[in-house]
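Trainee: Can you read through this structure? Questions will come right after.
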Amino acid sequence: MTTATVPDNRGRYGVFGGKYVPETIMFALEELETAFDEAIQDREFNELFQRELAIYSGRPTPLTKADRLSESNGGASIYLKREDLNHTGAHKINNAIGQALLAVRMGKKKIIAETGAGQHGVAAATVAAKYGLSCKVYMGKEDIRRQALNVFRMKLLGAEVIEVTSGSQTLKDATNEAIREWVAAVEDTFYLIGSAVGPYPYPKMVKQFQQVIGYETESQFKEIQKGKLPDAVVACVGGGSNAIGMFAPFIEKDVPLYGVEAAGMGVETAHHAATLSKGSNGVIHGSLTKLLQTSEGQITEPYSISAGLDYPGIGPEHAYLHETKRVTYEAVTDEEALHALKLLCENEGILCALESAHAVAYSLKLAKEMQKDQHIVVCLSGRGDKDVHTLMEFEEGGE
Amino acid sequence: MNKRWEVFQHSSDYRFTPYIMAGDPCEEATIELSLALEQCGAHALELGVPYSDPLADGPVIQRAGMRGLAQNMNLEKTVKLVSKLRERGLKIPVIIFTYYNLLLQLGENRFLKLAEDSGVDGVLVPDLPYEESGYLQKMCSEHNLALISLVSPTTREEKLVRLSSEAEGFLYCISSLGVTGIRSEFRAGLDDFLKAAKQNCRVPVLVGFGLSTREQIQQFDGSSDGFIVGSAIVKKIEELESDLLTNREEAIKTFKSYIESLLPVYSR
């Protein structure tokens, strides 16, 4: 397998990755890379990170066997990696803690972050409160309207939420605006990116802080199944942080990996966020990757019922894992995800996030093609409380 | 180095390089605005290409990009616009200011060939730092185009030396951190930065980002060889939008008197 050699010393995953940013912030990326490389070599930093994950976020998160769901579905049995049980309700906090500790180590007092649905914004605001940092969260006007509850949570945590009215007023524009702010305030500000995207070293750094998901899963599964590895691992992919964290320990092992994108209303329509299935090579937010765009290179607006998957790009390592065929990427529609969310609720008493429901939906399909004595692990990246409003709207609209 | 760059480089003036967005508010207006700028004394012209995600630009140029996009302006048409400018008599160097994704989708080689054939003199890619520009740099020299380098007050010293000594066309010095846009104040220590940039530079050193008044422009005469004005001019074009579409002759007159009010008296 060739994956051991990525990223190379220029921050490339094959042709993907790199640093496509204005000259003004190049020094900050170098400074960040040096600080990050030093930190992860430092035992004290790693112990601090592990301790914060344990006593602040409540790790390790459990690996729950979904008995009734597996039984009613048929085929392989399904295990859920319960990232929904983290503090603030999703895997996002792992990375937020890691980057905030790095910011503190670098002596930065201000953090900025972008957010779509508000989950990363809440995680960033949370760690800013915990470590005594100021926090500005950039959020599209349209998303502020759709996610009023998370906006209120961020403000409650002491963060400043900045409304972004440029472009299409969603996550992609919020990210542009956060980068613009970073260019202006780069000398004393840490940009806390929420997904495995952006210029190098961000994709590497986010993977490092999220790989706890995969390593815990591996040891928990081995303990239950007497040293065996799962027969398949499934995670949803927007920017791809929970997936890259979950896949990390398995990439070099003989375990089939599946990333699940949002097909929205269907990949054959114009309303989807299936970047790998339908996108082409291009540059977005500082990285060369796959993205949804016109033939002339204008970035197009994606669509998914799940705000966390509603992103026109994808982390460069996923683009690489797709190209090398190490990971199989599939797409699941809104309808399939909603159906899976209900099944999980009714059979297991777990309300998962709409993002995670995409992974559940695909694992239900996959399980049926596998044997009864085989096992699938699904990353349940977050809880669904934030989606209740969307679910209600959908139910009412559907009746 | 072509003839147009030679004239630019040998000029003894404090060089004026305006930026306008292609297709804002329409293609014919871009042509007439370009010619007007040359008549007012512009030494070179930066022509922006509309892009959906211009992360180095502030709100004024973002809005200009939206207007350009509404006209279906794109990179290929912008390059072809330059041959129309040449047909209409424009003599100053023209630099295409484009984000990297647009270049990638058109194809770097296709772009460079088209640019060379259309009378383009340089390319500036704000999201392609030196570290990522090796291939484009090599291809630009094969096609007689200058790849314009940007340096910032945050550029490290050894990199500043390298970029300024290798610069072609002109060296673009960013006056302040942040995106393009009108500013009332500049960074402290800017003169030292400009001095350091000039030290190893074989081509004119231009200062840009935020300049919007005659006083601000005059402030850098002496420490730099020229200046770039973008957002202030683009904002004036925005104000004149409807006249530029329907009563162009009048609008161009107003535009020219605005440009004259902006320029240091001695540079014309």
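Trainee: With θ set to phi - 60°, apply the Karplus curve 6.51 cos²θ - 1.76 cosθ + 1.60 along the range B:237-247 and write out the HN-Hα couplings as whole Hz, x wherever there is a Gly or Pro.
Mentor: These are the phi-based 3J(HN,Hα) values: 4, 4, 4, 8, 3, 5, 5, 5, 8, 10, 9 Hz.
Trainee: Which of the aspartates and glutamates could a cross-linker bridge to A:LYS278, judged by Cα under 18 Å and excluding same-chain residues fewer than eight apart?
Mentor: By straight Cα distance, A:LYS278 reaches A:GLU261, A:GLU268, A:GLU296, A:GLU301, A:ASP310, A:GLU317, A:GLU323, A:GLU330, A:ASP334.
Trainee: Right, another one. Please report, in debye to the nearest 20, how large the charge dipole of the range A:210-350 is about its Cα centre when each Lys and Arg carries +1 at its beta carbon and each Asp and Glu carries -1 there. Before the final figure, lay out the partial values.
Mentor: Numbers: 9 positive and 19 negative charges, 80 e Å.
The dipole magnitude comes to about 380 debye.
Trainee: Quick one: what are the phi-derived ³J(HN,Hα) couplings along the range B:215-231, Karplus 6.51/-1.76/1.60 with θ = phi - 60°, whole Hz, x for glycine and proline?
Mentor: Using θ = phi - 60°, the values come out as 4, 4, 5, 4, 4, 9, 5, x, 8, 9, 9, x, 8, 10, 10, x, 3 Hz.
Trainee: Name the shape class, rounded, prolate or oblate, that the alpha-carbon gyration tensor gives for the range A:221-354, where a ≥ b ≥ c are the square roots of its eigenvalues, rounded holds for a/c under 1.5, and otherwise prolate holds if a/b is larger than b/c and oblate otherwise.
Mentor: Details: a/c = 2.51, a/b = 1.30, b/c = 1.93.
It comes out oblate by the Cα gyration axes.
Trainee: Toward the positive end of the charge dipole of the range A:294-373, about the Cα centre and with charges on Cβ (Lys, Arg +1; Asp, Glu -1), which of A:THR294, A:LEU366, A:LEU354 goes farthest?
Mentor: Result: A:LEU366, furthest along the dipole toward the positive end.
Trainee: Which one, A:ILE376, A:GLY245, A:VAL186, projects farthest toward the positive side of the charge dipole computed for the protein assembly as shown from Cβ point charges (K/R +1, D/E -1)?
Mentor: A:VAL186
Trainee: Per residue of the range A:5-10, in order, report the coupling 6.51 cos²θ - 1.76 cosθ + 1.60 (Karplus, θ = phi - 60°) as ³J(HN,Hα) in whole Hz, putting x for Gly and Pro.
Mentor: 8, 9, x, 7, 6, 9
Trainee: Work through the residues other than A:PRO230 whose Cβ is under 14 Å from its Cβ and net out their charges, Lys, Arg +1 and Asp, Glu -1.
Mentor: Values: positive: A:LYS65, A:LYS81, A:LYS222, A:LYS226, A:LYS228, A:LYS253; negative: A:GLU216, A:GLU218, A:GLU223, A:ASP231, A:ASP254, A:ASP373.
Result for the local shell: 0.
Trainee: So, one more: Using a/c under 1.5 as the rounded threshold, could you call the range B:31-123 rounded, prolate or oblate? The axes a ≥ b ≥ c are square roots of the C-alpha gyration tensor eigenvalues, and prolate needs a/b larger than b/c, oblate otherwise. Don't skip to the answer; put the middle values down first.
Mentor: Numbers: a/c = 1.85, a/b = 1.19, b/c = 1.55.
Because a/c hits 1.5 or more and a/b fails to exceed b/c, the range B:31-123 counts as oblate.
Trainee: State whether chain A is rounded, prolate or oblate according to the following rule on the C-alpha gyration tensor (a ≥ b ≥ c being the square roots of its eigenvalues): a/c under 1.5 gives rounded; otherwise a/b larger than b/c gives prolate, and the remaining case gives oblate.
Mentor: Numbers: a/c = 1.38, a/b = 1.25, b/c = 1.10.
It comes out rounded by the Cα gyration axes.
Trainee: Anyone know which of A:MET265, A:MET246, A:MET154 comes out most mobile in the 10 Å Cα GNM of chain A?
Mentor: Comparing A:MET265, A:MET246, A:MET154 in a Gaussian network model of chain A, the most mobile one is A:MET265.
Trainee: Next question, about the same structure. So what's the gap between the Cα centers of the range B:109-171 and the range A:326-399, to the nearest angstrom?
Mentor: Measuring centre to centre over Cα atoms gives 48 Å.
Trainee: Among B:CYS173, B:CYS201, which comes first, second and so on when ranked by fewest other beta-carbon atoms within 10 Å?
Mentor: On the way: B:CYS173 30, B:CYS201 22.
Ordered by Cβ neighbours within 10 Å, fewest first: B:CYS201, B:CYS173.
Trainee: Which of the pairs A:LYS204/B:LYS159; A:LYS141/A:LYS207; A:LYS172/A:LYS365; A:LYS92/A:LYS130 have their Cα atoms more than 22 Å apart in this structure?
Mentor: Values: A:LYS204/B:LYS159 25 Å; A:LYS141/A:LYS207 29 Å; A:LYS172/A:LYS365 31 Å; A:LYS92/A:LYS130 15 Å.
Checking Cα-Cα distances, A:LYS204/B:LYS159; A:LYS141/A:LYS207; A:LYS172/A:LYS365 exceed 22 Å.
Trainee: Note down the relative contact order for chain A as a percent, whole number, built from C-alpha pairs under 8 angstrom at least six residues apart.
Mentor: Working: 855 pairs, mean separation 79.8, N = 399.
With pairs under 8 Å counted, the relative contact order is 20 percent.
Trainee: How do the peptides A:369-380, A:26-37, A:386-397 rank, highest first, by the average count of neighbouring beta carbon atoms within 10 Å per residue? Don't skip to the answer; put the middle values down first.
Mentor: Details: A:369-380: 20.1, A:26-37: 17.7, A:386-397: 14.2.
Going by the mean number of other Cβ atoms within 10 Å, highest first, we get A:369-380, A:26-37, A:386-397.
Trainee: Right, here's the next one. Report, in debye and to the nearest 20, how large the dipole of chain B comes out about its Cα centre when Lys and Arg carry +1 and Asp and Glu carry -1 on their Cβ.
Mentor: Working: 29 positive and 37 negative charges, 61 e Å.
It works out to roughly 300 debye.
Trainee: In debye to the nearest 20, how big a dipole does the range B:192-268 give about its Cα centre with +1 on each Lys and Arg Cβ and -1 on each Asp and Glu Cβ? List each step's numbers first, then the result.
Mentor: Working: 10 positive and 11 negative charges, 70 e Å.
That gives a dipole near 340 debye.
Trainee: How shielded is B:60-70 by partner chains, expressed as the average number of their Cβ atoms within 10 Å of its Cβ atoms? Let's see the in-between values first.
Mentor: Numbers: counts 0, 0, 5, 1, 0, 2, 2, 0, 0, 2, 0.
The mean count of partner-chain Cβ atoms within 10 Å per residue comes to 1.
Trainee: Positive end of the charge dipole of the protein assembly as shown (Lys, Arg +1 and Asp, Glu -1 on Cβ, about the Cα centre): tell me which of B:ASN109, B:GLN219, A:ALA307 has its Cα farthest that way.
Mentor: The residue sitting farthest along the positive end of the dipole is B:GLN219.
Trainee: Residues with beta-carbon under 13 Å from that of A:VAL6, excluding A:VAL6: net charge, scoring Lys, Arg +1 and Asp, Glu -1? Each step should come with its number before you reach the end.
Mentor: On the way: positive: A:ARG10, A:ARG12, A:LYS204, A:LYS207, A:ARG326; negative: A:ASP8, A:GLU252, A:GLU317, A:GLU323.
Here the charged neighbours net out to +1.
Trainee: Enumerate the amide H contacts of A:GLY266 below 5 Å, restricted to partners 5 or more residues apart or on another chain; note that Pro and chain-start residues carry no placed amide H.
Mentor: Distant-sequence amide H within range of A:GLY266: A:ASP334.
Trainee: Other chains near B:126-134: what is the mean number of their Cβ atoms within 10 Å of each residue's Cβ? Don't skip to the answer; put the middle values down first.
Mentor: Values: counts 5, 10, 7, 12, 2, 10, 10, 0, 0.
Mean partner shielding for this stretch: 6.
Trainee: What does the average come to when, for each residue of peptide B:47-57, you count the partner chain Cβ atoms lying within 10 Å of its Cβ? Kindly include the intermediate steps, with their values, before the conclusion.
Mentor: Details: counts 0, 0, 2, 2, 4, 15, 17, 4, 15, 8, 3.
For peptide B:47-57, the averaged partner shielding equals 6.
Trainee: Further question on the same structure: Between A:MET370 and residues 5 or more places away or on another chain, which pairs have amide H atoms under 5 Å apart, with H built 1.01 Å from N, and which residues are they?
Mentor: Excluding prolines and chain starts, which carry no amide H, the hits are A:ALA76.
Trainee: Tell me which residues come under 5 Å, amide H to amide H, from B:ASP57 once H is placed; ignore anything under 5 positions away on its chain.
Mentor: Here B:THR180 satisfy the definition.
Trainee: Another question about this same structure. Which percent, to the nearest 5, of DSSP beta bridges fully inside chain A are antiparallel?
Mentor: Numbers: 15 of 49 bridges.
Among the beta bridges of chain A, antiparallel pairing accounts for roughly 30 percent.
Trainee: Compute the relative contact order of chain B as a whole-number percentage, counting only Cα pairs closer than 8 Å that sit 6 or more residues apart in sequence.
Mentor: Across chain B, relative contact order equals 22 percent.
Trainee: Using per-residue counts of other Cβ atoms within 10 Å, averaged over each peptide, order B:89-95, B:125-131 from highest down.
Mentor: Sorting B:89-95, B:125-131 by mean packing, highest first, produces B:125-131, B:89-95.
Trainee: Next question, about the same structure. Specify the inter-centroid distance of the range A:55-91 and the range B:225-268, based on alpha-carbon positions, in whole Å.
Mentor: If you average the Cα positions of each part, the centres end up 62 Å apart.
FYI, it's all coordinate maths here, none of it is from the lab. The structure presented is a predicted model; accordingly, all values stated were derived computationally and were not measured. Here Cβ is always computed from backbone atoms with ideal geometry, including for glycine, and neighbour counts include all displayed protein chains.
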